[in-house]
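Engineer: Sharing a structure, written as structure tokens. Questions coming.
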2 protein chains.
Amino acid sequence: MTETDDDRADAWFHALADRTRRDILRRVLAGEHSVSALARSYDMSFAAVQKHVAVLERAGLLTKRRQGREALASGDVEAVRSVGAMLTDLEALWRGRISRMDELFATPQQAPQPPGTDHPEEE
Amino acid sequence: MTETDDDRADAWFHALADRTRRDILRRVLAGEHSVSALARSYDMSFAAVQKHVAVLERAGLLTKRRQGREALASGDVEAVRSVGAMLTDLEALWRGRISRMDELFATPQQAPQPPGTDHPEEE
DNA sequence: ACAACCTACAACCAATTAGTTGTAGGTTGT
DNA sequence: ACAACCTACAACTAATTGGTTGTAGGTTGT
């Protein structure tokens with residue numbers, strides 16, 4: 001699998017960066033809804049809503065199960081918690097200045113790291 | 001001022017939906033960095049990094065202050081917390097779904113809810 | 001004064017996105 | 001069987017995005 005953490009985070013935040021999708025997510029977290037029931041709630045075509053649902057599904061923020069002719073969508077609260085955890089990690093960075101400490105202690109010369117984690121000079 | 005909550009949330013999540021911007025945010029949460037210092041950390045043009053910083057700034061996730069010829073960027077942890085709070089609200093919606101299921105089992109008869117009487121807290 | 005540096009912004013390009021309409025296939029009730 | 005319904009996906013368009021290069025103005029050190 002080539003799915004990196006960054007890929008997952010990209011998908012999460014991209015999915016959340018649209019108010020219609022956030023609203024859909026709210027509804028399916030509160031309870032199961034069929035795609036067509038969701039579509040009736042918005043002033044756009046069924047296909048458009050279906051695409052939004054697909055984006056949320058690809059990001060892992062909701063799951064669908066098939067019941068007869070309907071596709072019932074349900075929010076995945078664990079995924080939502082994972083996104084929240086990412087932000088908590090950001091807060092921790094702020095609190096602890098972890099990045100700066102790494103630089104000061106762990107790198108006598110320079111740091112070999114994933115894409116562009118060079119040392120940012122003195123200021 | 002016509003900045004709605006949705007506009008703000010759109011900007012937040014859009015800004016976070018790019019791995020370069022998330023990395024920049026990590027750095028400036030850990031400590032102040034000049035734009036050019038940031039730019040040196042990534043394999044792209046200065047202008048590209050500057051645009052990413054501008055996106056984060058417009059979203060309110062970082063602030064810049066001018067010192068001499070440098071623009072020093074610093075992460076705004078309060079904004080990060082606000083984003084986290086949005087996700088917590090989403091979780092609360094999900095918890096409400098469980099409460100309603102409880103209600104369903106608990107009250108086979110009638111269920112006109114007197115507002116805010118009970119507050120089932122469990123996970 | 002002047003070269004080196006830092007920032008800002010415009011103009012452009014390729015790729016992606018959010019919407020549309022249209023078509024096709026599976027499910028349900030009569 | 002058939003009409004009504006639900007879903008999926010393709011094809012298209014307009015707008016946005018993430019990158020580029022180029023230009024211009026302010027700051028610093030010699």
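Engineer: Could you please find all residues in region A:38-70 being assigned to a strand (DSSP E or B), buried (at least 17 other Cβ atoms within 10 Å of the Cβ) and near DNA strand D (Cβ under 8 Å from one of its atoms)? Break it down stepwise before answering.
Structural biologist: Start the filter on region A:38-70 by keeping residues that are assigned to a strand (DSSP E or B), which leaves A:62-67, A:70.
Those still in the list that are buried (at least 17 other Cβ atoms within 10 Å of the Cβ) too: A:62, A:64.
Listed by number, the list holds a single entry, A:LYS64.
Engineer: For region B:1-35, how many residues meet the condition of being of a type in the set (Gly, Ala, Ser) and assigned to a helix (DSSP H, G or I)?
Structural biologist: Selection size over region B:1-35: 4.
Engineer: Within region B:2-18, work out how many residues are within 13 Å of DNA strand D (Cβ to nearest atom) and farther than 21 Å from A:ALA11 by Cβ.
Structural biologist: Residues in region B:2-18 being within 13 Å of DNA strand D (Cβ to nearest atom) and farther than 21 Å from A:ALA11 by Cβ: 1 in total.
Engineer: Let me ask something else. Could you list all residues from region B:63-73 that are more than 8 Å from DNA strand C (Cβ to nearest atom) and either more than 12 Å from chain A (Cβ to nearest Cβ) or touching a Ser or Thr at 6+ places or on another chain (Cβ under 6 Å) (or both)?
Structural biologist: B:THR63, B:ARG65, listed by residue number.
Engineer: For residues in region B:61-90 being more than 13 Å from B:GLY31 (Cα to Cα) and touching a residue at least 24 places away in the same chain (Cβ under 8 Å), which is nearest to the chain's Cα centre (by Cα)?
Structural biologist: B:VAL83
Engineer: How many residues are more than 10 Å from DNA strand C (Cβ to nearest atom) and surrounded by fewer than 18 Cβ atoms within 10 Å (Cβ to Cβ) if we restrict to region A:10-26?
Structural biologist: Residues that pass the stated criteria total 2.
Engineer: Considering only region B:19-37, state which residues are within 13 Å of DNA strand D (Cβ to nearest atom) and either within 7 Å of chain A (Cβ to nearest Cβ) or in contact with a Pro (Cβ under 9 Å, 6 or more places away or on another chain) (or both).
Structural biologist: Residues satisfying the conditions are B:ARG19, B:THR20, B:ARG22, B:ASP23, B:SER34.
Engineer: Take region B:40-60 and flag every residue that is within 8 Å of DNA strand C (Cβ to nearest atom) and under 11 Å from B:ALA73 (Cβ atoms).
Structural biologist: Scanning region B:40-60 gives B:GLN50, B:VAL53, B:ALA54.
Where a number appears in this text, it was derived from the coordinates with a stated rule and is not lab data. All values derive from a computational prediction rather than experimental measurement. Every residue, glycine among them, receives a Cβ derived from its backbone with ideal geometry; neighbour counts consider all protein chains shown.
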